[in-house]
Amino acid sequence: MTPTPSGTTNATNVFSWRFVTPLFMGSAINAINTSLIATALLPIATAVDVSVGRTAVLVSALYLASAIAQPTGGKLAEEFGPRRIFTAGLLTVLAGGIVGGVGQNLTTLIVARVLIGVGSSAVYPSAMLLIRYKAEAAGLEAPPGGVLGGLMIAGAATSALGLPVGGVLVDAWGWRTTFLINLPFALLALVTAFFWIPSDLPVNGPRTFRQVATRLDVPGIVCFGGALASLLLFLMRLPRPDWIVLGLAVMVGAGLVWWELRASHPFIDVRLLGTNLALTRTYLRFAISSLCVYTVLYGLTQWLQAGRSLSSKEAGLLLLPMSAVSVLIARPISQRNLVRTPLIIAAVSCLAASAGVLALTRSTPIVWIVVITLVFGIMLGTTLSANQTALYTQVTADQIGAAAGLFRTFGFLGSIASSALISVVFHTHVDDQRLHVIAVIMVIVSVLGLIIVVTDRTVMAKARVRREDPPVGHQRQFDRGEDMPAVGGR
């Protein structure tokens, strides 16, 4: 059994259901919204009198806003307190839900999606920081495994729920419900956070606007946003590449690296990514898994609708077992805070499922499609929990907010890449041959992910335990590849 520090005999009481409920509920908002609007694009296009192709900006707007806001939210939480930023994010989500619910044109809906993306993105890194502070205040080496696992299940595994939920909402009450549905969840999370999450400590000393801007690295945020927006614009214009836009993205990206290497409080700690290679590999693994997951969510769904004549709701419901399996698998893994074995399983299952997509045709029985998506569910459940646990052990307490935000940013980079892949391959037509092209690319990416795992000595090395156990009340040091202990010996 892992030693438990004195005075903390019951970790479950420290991380009570009241404390974690608003964290889980708030973290789920961003994940569900990533796919919630997919079934509403056609009705929205009809309602605001634009082409369906133009409504795709509602998907990319949330991706872009979230990718920028995730690490920004983490830095704000570190600077002003995680509870303050957590509640501010939920208030922003409420504003976005109202704006979208009453919006009459595409521009207003874009603003609503940006507000929802920005607000919900502040929630996850704030939740990670709240958990870290709570564990340290209680003298625990780590929170109970179910806490981190539950947060990741809520913050990512629920993304597959957006498709069927969106389909049901749109069929029953219209496309505006995909915005208005955020109101009850955000409001409930806000109220429970107000009563059940302890208040932040007072901000240390008076701070000028210039001091805050320096600590947040506003120029770094602007450069990162500019580079990412340019890259997204380039990807959206494929297969007709705009090389000027790509050149702009490269130039701004190079400027970002130059600035961050000199900034006193960098928005993206480039030096940390260069020196903490274990953390960098965690980011890459999550980006690769996100690319494959979102390609399944959107690419396979489009193929099912075009090739199998399924409705949006039917295609979404077909992917529900994938989400269920991911949740069922993530829970026991997270309770034991496992890293090494789940990452290997995730890499192998991603490769196997991607290869399985190569065998799909219009005549393939539905049961085999479900089986392949279930394998993707295994990959999703194992990679989510293991990578988040690895992240928790790879950074210090003062880095966890920004690092957790950047972790989710890499996930959104993977989802943006999947959107570009689907857009290019399915640009003119959706059929079996084009689905197989996507499958080949997924296989190549999966092989890369497997190589990253098996060549990572910090993951593959066997855990080395010190000869003597530390006295009760002291933290034990772990090798980077060792699975993090569950509090209380779980």
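The values are calculated or read from the model by the stated rules, or taken from the named source; none is laboratory data. Here the structure is a predicted model, which means the values were calculated and not measured. We place every Cβ from the backbone using ideal geometry, glycine too, and count neighbours over all the protein chains shown. Each accessible area value is taken on the protein alone, full model and side chains, heavy atoms only, with ligands, DNA and RNA left out. Shrake-Rupley method; radii C 1.70, N 1.55, O 1.52, S 1.80 Å.
Some notes on this structure:
- Taken per residue, the accessible surface of segment 232-329 reaches 46 Å², heavy atoms only and a 1.4 Å probe.
- Placing unit charges on the Cβ atoms only, positive for Lys and Arg and negative for Asp and Glu, gives segment 124-276 a dipole magnitude near 320 debye about its Cα centre.
- Around the Cα centre of the chain, unit charges on the Cβ atoms of Lys, Arg, Asp and Glu (plus for the first two, minus for the last two) sum to a dipole of about 320 debye.
- Between the residues 109, 437, 250, the greatest Cα displacement towards the positive end of the dipole of the chain, with unit charges on the Cβ of Lys, Arg, Asp and Glu, is found for 250.
- Per atom type, the chain shows carbon and sulfur on 66% of its accessible surface, probed at 1.4 Å.
- Gain on full stretching of the segment that runs from residue 242 to residue 42 - 0.36 nm per residue minus C-alpha separation: 69.3 nm
- In plain terms, the chain from residue 309 to residue 183 could stretch by 42.0 nm, reckoned as 0.36 nm per residue minus the Cα-Cα distance.
- Karplus-derived HN-Hα couplings along segment 63-75 (A = 6.51, B = -1.76, C = 1.60, θ = phi - 60°), whole Hz, x at Gly and Pro: 4, 5, 4, 5, 4, 7, 6, 4, x, 4, x, x, 5
- Selection from 154, 133, 289 lying farthest towards where the dipole of the chain points positive, charges on Cβ: 133
- Ranking 380, 446, 339 by Cα position along the charge dipole of the chain, where only Lys, Arg, Asp and Glu carry charges on their C-beta atoms, puts 339 farthest toward the positive end.
- Segment 236-256 residues near the modelled residue 433 label - backbone nitrogen below 13 Å, point 7 Å along Cα→Cβ: none
- Distance between the 7 Å Cα→Cβ label points at residue 51 and residue 447: 3.7 nm.
- Secondary-structure-derived ellipticity at 222 nm for the chain, considering helices only, amounts to -23500 deg cm²/dmol, per-run term -39500 (n - 2.57) for DSSP H runs with n ≥ 4.
- Dipole in debye (nearest 20) - segment 38-179, about Cα centre, beta carbon charges: Lys, Arg +1; Asp, Glu -1: 140
- For the peptides 341-351, 375-385, the ranking by mean Cβ contacts within 10 Å, running from highest to lowest, is 375-385, 341-351.
- Between residue 310 and 305, the built amide H atoms are under 5 Å apart, and every one of these is 5 or more places off in sequence or on another chain.
- For the chain, the relative contact order works out to 24 percent when only alpha carbon pairs closer than 8 Å and six or more residues apart are counted.
- A simple rule links phi to the HN-Hα coupling: the Karplus curve 6.51 cos²θ - 1.76 cosθ + 1.60 with θ = phi - 60°, which for segment 21-27 gives 4, x, 5, 5, 5, x, 5 Hz, with x for Gly and Pro.
- With DNA, RNA and ligands ignored, accessible area of residue 259 (1.4 Å probe; Å², nearest 10): 90
- Matching label, semi-axes √(5λ) of the Cα gyration tensor in Å computed from the structure shown, candidates (i) 39, 25, 23; (ii) 47, 27, 20; (iii) 34, 27, 23: (iii)
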